[in-house]
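Okay, so here's the structure we're looking at.
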Amino acid sequence: QVQVAESGGGSVQAGGSLRLSCATSGDTYINYCMAWFRQSPGTERDAVATIYTGDGIPYYAESVKSRFSISQDNAKNTLYLQMNSLEPADTAIYYCAAIGVMIDGGHWSCPNRRSDYDYWGQGTQVTVSS
C-alpha cells in the first residue's frame, strides 16, 4: 500500500509562484511513475507533469511547459511541483498520483491518463486571481 498526501496550495495573484509538495509513504516498489494532475469544476482531471523515479526525466503538458517544474527528493520521499508565472487558468485542485513498478533503473515514459494511476492524494486547491 502506498499513501500519498499533497500540500502547498493556496491563493496567489497572477504572475506569482507556489510550490506544491507530495509526501509518500508505505512504498514497497523499486520505482514509481509520479504525476501531478489538476481539475477545475466541469473539466477532466488532466496530467500537468509526470516523472519516472528510475531516470528522473520529466514530462509537462504544453499549457504549463516552461512555467512549471516537477522534481523529487528521494531522501524525503517527497515530490514537488514548482509553479511560476501562474495564470487564472491554472486555478484548479491539484492531485498527486503514483504507479508502482518493479523495475530497477532503466527508462520509462509515464502515462498521462487518470485511469492508469493507482495511488492518489486528496488534492490541494490552487487559486490564481487576476
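Sorted largest first by accessible area at a 1.4 angstrom probe radius, with every protein chain in place, the residues GLU6, GLU44 fall in the order GLU44, GLU6.
Both radii are taken from the alpha-carbon atoms of segment 71-126; with Rh as the Kirkwood radius, Rg/Rh is 0.99.
A cut-off of 5 Å between modelled amide H atoms, ignoring neighbours fewer than 5 places along the same chain, links VAL48 with TRP36, PHE37, ARG38. When a/c reaches 1.5 or more, the comparison of a/b and b/c decides; with that in mind, is segment 1-50 rounded, prolate or oblate per its Cα gyration tensor? Note, shape of segment 1-50 comes out prolate.
The values are calculated or read from the model by the stated rules, or taken from the named source; none is laboratory data. This structure is a prediction, so every number in the text was calculated from the model and none was measured. What goes into the accessible areas is simple: the full protein's heavy atoms, side chains included, and nothing from ligands, DNA or RNA. Shrake-Rupley method; radii C 1.70, N 1.55, O 1.52, S 1.80 Å.
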